[in-house]
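The block underneath contains the structure these notes are about, expressed in structure tokens.
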Amino acid sequence: MSLLPTGLMASLARLLAIANKELIQMRRDRMTFAMMLGIPMMQLVLFGYAINTDPKQLPTAVVAEEQSPIIRTLLNGLQNSGYYHLKYNLQDPAAADTLLAKGDVSFVVTFPSGFTRRLIKGERPQLLIEADASDPSASSNAISRAQTIIDSALTHELKGPLADLNPGLSPVELIIHRRYNPQGLTQYNIVPGLLGVIITMTMVMITGMAMTREVEQGTIENLLAMPAKPLEVMLGKIMPYVGVGAVQTAVILLAAYYLFAVPFAGSLTLLLASVGLFIIANLALGFTFSTLAKSQMQAMQLTFFFFLPSLLLSGFMFPFRGMPIWAQWLGEVLPLTHFLRIVRGVMLKNADFYTVAQELLAIVLFTLAVGLLAILRYKRTLD
Amino acid sequence: MTELAIDVQGLVKRFGDKVAVNGVDLQLPKGEVWGFLGPNGSGKTTTIRMICGLLKIDKGSGQCLGFNVLTQAEQIRRLTGYMTQKFSFWNDLTIHENLDFVARLYQLPGRKAYVQQTLEKLGLHHRQKQLAGELSGGWKQRLALAAVTMHQPKLLLLDEPTAGVDPQARRDFWDEIHHLSSQGLTVLVSTHYMDEAERCDKIVYLANGELITQGTVPDIIHNAKLFTYRAQGEGVRLITEKLRAHEAIAHASYFGAALHVSGYHKAELLQAIQQVAPDVDWQAVEPSLEDVFIALMDKAGQDKRSYQ
């Protein structure tokens, strides 16, 4: 005799039967099973290693007309702090400006002419640090440390006869320019970025269903039996959603301007052309997913598999330059990374076509590669 | 000699290490209606799909409507109407939208008027704005037939088009097929229904991916060289299993209340039934197509089992 009442035993038996059936089905759907294990693993690695909310090694350009031991000491101090990675040594301020606008560097450190002489004379020369503040969280720590770094570097340098140059007041007047976003408002960064995130999410998912829906409903047999070529099917399935993307873009841009007061510095035409390209890139990727997936469920899972790194490694949620190099390379593959640079560049930094040309090219290459894969994967038979 | 719409030799299709179709030859003259029969999994659907280019042909050759089946699938598709058992049009499009889509893909001239004309012929004119998914099974198949014949194909490949459809709708469907055939269309239709098989000019019978027999219904019955006895009454039910177990009896099955017992050797069969059921009143009858098919199916099944 069981200790449990018969009704409960029967209920438990049925419950276990259902649980067992679910388990069998879960094991049979390899893709879902892999996803359930794969996504947490990916999250773990990405969150754990790639994401850094205290970004260090930020690329920095130095503009100095002169060389001196003191300047070298200051630069060493910045470098050794771990926050600044001195990548470029320039004479021309305009060249440094372009690097900042393109997002190739996060900081430009400028030593005005006569810096060393004025420092030794005790005239408190200015030292200018321009930061790309379009993403305030990326630069804020480095900026807040700058004064301390400079002062401690100088303490070592200004010894002996120069020691009295180093009383309470810092011997260098540090000027910080938060470029593109002087108030450090995060929505200046987030709202334009959301444009890219929303397009990525919706466009990939919508077209991801495109072919799998035909397969699941059996209409693929008809589509294949009729005279339609792969490219026609692909473009035909993508086209209507370009319109959907255009509407999304209009809504987000209007909201950015009127609700969030994000400034619009650059060319609207350039921005819209870039958005158009970006929409097509994502639709092409979605179509490719739908030729790879066997069901709508799988297409959805592929979408998330792609969406997660897009969100985490593109520089949308966390500073791109703060990530380790391997994560940055991974990020470079994602169209969202390039789109974010374009949209932030054009909206906040008044970047022109030549400044963003490289990013546009990257998205074009991505689209071509993905489109080619889709065409190759598209089967003209039911094999 | 009559011209052939389909003329293929030695078609082979493998899925992994399973051979679905194993060397099927088919010569189908223009303008005829041929029935494609055989148990589930015998390779009927696979053969039809290979002919219209929906599956790659692993081995074999031939032509369909004058085009090479291996290299000219595109041209064959243009001149072929292919209809599946499962409604494979768009449930979330209206009747009109489905037909209009097909007409656009085939770039049919005078499209709008033609679609309207098709709707009227179908008798769905007043329901054209209804979603296709809301139609009953019979109407769905009629819509599908109208859709796959819109581009005026020369060949119709119908894969169990009337499965799950009521008898009235099936009869209407077949009237339409004969009407199309009278206009010169060649039709290859797979079915499990004997009454439909009897409506065909000729029948091809497939089992385990191989062509077992073909010909007109009387030919097939005659060639099967089967002898059948019929009996009915209470005593019969009790001895059915015993009859089935007897080696001289190819199969025993019920047609209504009557039991049909068939075998390949008349004398042995007669001896067997008299031995197992001497009290029953046995009548010699002409074997029906179904008797022949069940016998063929059993035989093919036994061959397969002994082969394995």
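The values are calculated or read from the model by the stated rules, or taken from the named source; none is laboratory data. Since we're looking at a predicted model, the values are computed, not measured. Neighbour counts run over all protein chains shown; Cβ positions are idealised from the backbone, glycine included.
Figures for the structure shown
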read-out: Hey, A:Val204 more than 23 Å from B:Phe89 (Cα to Cα) and either within 11 Å of chain B (Cβ to nearest Cβ) or of a type outside the set (S, T, N, Q) (or both) or not; value: yes
read-out: Count of residues meeting criterion [away from chain B (no Cβ under 14 Å) and out of contact with any helix residue (DSSP H, G or I) (no Cβ under 8 Å at 6 or more places or on another chain)] in region A:351-383; value: 8
read-out: Helices (runs of 4 or more DSSP H) within region A:290-362 that include 3 or more residues closer than 25 Å to A:Leu253 by Cα and of a type outside the set (Lys, Arg); value: A:296-313, A:335-349
read-out: Among the candidates B:Arg244, B:Arg237, residue that is in contact with a strand residue (DSSP E or B) (Cβ under 6 Å, 6 or more places away or on another chain), assigned to a helix (DSSP H, G or I) and surrounded by fewer than 19 Cβ atoms within 10 Å (Cβ to Cβ); value: B:Arg244
read-out: Unmet requirement for B:Trp282, which otherwise passes all of (1) touching a residue at least 24 places away in the same chain (Cβ under 8 Å); (2) touching a Leu at 6+ places or on another chain (Cβ under 6 Å); value: (2)
read-out: Answer from B:Thr162, B:Thr118, B:Thr186, B:Thr94 - the residue that is more than 13 Å from chain A (Cβ to nearest Cβ), out of contact with any helix residue (DSSP H, G or I) (no Cβ under 8 Å at 6 or more places or on another chain) and buried (at least 17 other Cβ atoms within 10 Å of the Cβ); value: B:Thr186
read-out: Condition check for A:Ile252: in contact with a Ser or Thr (Cβ under 9 Å, 6 or more places away or on another chain), more than 14 Å from chain B (Cβ to nearest Cβ) and modelled with pLDDT of 90 or more; value: no
read-out: Residues within region A:139-148 that are over 26 Å from the mean Cα position of the chain (by Cα) and within 22 Å of A:Leu100 (Cα to Cα), tallied; value: 1
read-out: Given (1) without any contact (Cβ under 8 Å) to a residue 24 or more places away in the chain; (2) outside the structural domain of B:Pro29 (by TED's automatic domain parsing), index of the condition B:Gln183 fails; value: (2)
read-out: Close pairs from region A:103-126: first farther than 20 Å from A:Ile149 by Cα and assigned by TED's automatic domain parsing to the domain that holds A:Ala351, partner modelled with pLDDT of 90 or more and part of a loop (DSSP other than H, G, I, E, B), Cβ under 9 Å, at least 6 apart; value: none
read-out: Complete set of residues in region B:106-115 that are facing chain A (nearest Cβ under 10 Å) and more than 17 Å from B:Cys52 (Cα to Cα); value: B:Gln107
read-out: Residue in region B:114-132 that is over 24 Å from the mean Cα position of the chain (by Cα) and either among the β-branched types (Val, Ile, Thr) or closer than 19 Å to A:Thr381 by Cα (or both) present; value: yes
read-out: Some residue of region A:255-270 being within 30 Å of B:Leu79 (Cβ to Cβ) and away from chain B (no Cβ under 14 Å); value: no
read-out: Failed criterion for B:Leu269 (all others in (1) touching a helix residue (DSSP H, G or I) at 6+ places or on another chain (Cβ under 6 Å); (2) surrounded by 15 or more Cβ atoms within 10 Å (Cβ to Cβ); (3) outside any loop (DSSP other than H, G, I, E, B); (4) not polar (S, T, N, Q) hold); value: (1)
read-out: Test result for B:Asp100, more than 20 Å from B:Leu158 (Cβ to Cβ) and within 12 Å of another protein chain (Cβ to nearest Cβ); value: no
read-out: Test: residue in region B:55-71 that is under 21 Å from the mean Cα position of the chain (by Cα) and within 9 Å of chain A (Cβ to nearest Cβ); value: yes
read-out: Odd one out for A:Met209 among (1) surrounded by 18 or more Cβ atoms within 10 Å (Cβ to Cβ); (2) in a helix (DSSP H, G or I); (3) away from every other protein chain (no Cβ under 14 Å); (4) of a type outside the set (Phe, Trp, Tyr); value: (3)
read-out: Given (1) surrounded by fewer than 15 Cβ atoms within 10 Å (Cβ to Cβ); (2) of a type outside the set (Ser, Thr, Tyr); (3) under 19 Å from B:Ile212 (Cα atoms), number of the condition B:Gly60 does not satisfy; value: (1)
read-out: Residues (more than 13 Å from B:Ile6 (Cα to Cα) and among the hydroxyl-bearing types (Ser, Thr, Tyr)) located in region B:41-81; value: B:Ser42, B:Thr45, B:Thr46, B:Thr71
